[in-house]
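For reference, the structure discussed in these notes is given below.
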Amino acid sequence: MITKSGATSAPSVSAATAEAPTTERWVPAFAALALLWGCSFAFIHIGLQALTPVQVAFWRLALGAATLLVISATTRTRLPRTRRTWAHLLVLALLLNAAPFTLFAIG
C-alpha cells in the first residue's frame, strides 16, 4: 500500500482478516446440483433401454419446450415475432441443444 508520502506499508489488518467463504453455504447447493445433474444422466440411461438416442434427445427437448411454453403462458411473456429472431433461435437450438443432447445419449 502506498501512503501520501510515497512510502509503502503493509496491508491493513482488516483486508488480511477478511472472512473466507464457509463450506456451510455452498455445499448443500452443490450437492443438490450434483443430484439433479446425475439424475439427468440416469434418466438418459433408462430411456435408452426403450428408445434410440435421437428419440431420447427429442423427448428431452420436447418436454423442455413444453415446460417453457407453460411458464411463458403463465407469466404472459410474449414469444418473439420476427423471422430473424426465430432463425437465430433455430441455429442456437440445433447447435447448443439438439446436437449435445443427442451426443450425450449416444455416449
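What follows is calculated from the coordinates using simple rules that are stated; it is not laboratory data. Computed from a predicted structure; not experimentally measured. Cβ sites come from the backbone with ideal geometry, for glycine too, and all protein chains shown count toward neighbours.
Numbers for the structure displayed
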read-out: Long-range tail of P(r) for region 29-83 (Cα pairs > 17 Å, %); value: 58 percent
read-out: Pairwise FRET efficiency - residue 25 versus residue 90, Cβ, R0 = 25 Å, nearest 0.05; value: 0.05
read-out: Per-residue ³J(HN,Hα) for region 27-36, Karplus 6.51 cos²θ - 1.76 cosθ + 1.60, θ = phi - 60°, Hz, x for Gly and Pro; value: 5, x, 5, 5, 5, 5, 5, 4, 5, 5
read-out: Label-point separation in nm, residue 59 to residue 35, each point 7 Å along Cα→Cβ; value: 2.4 nm
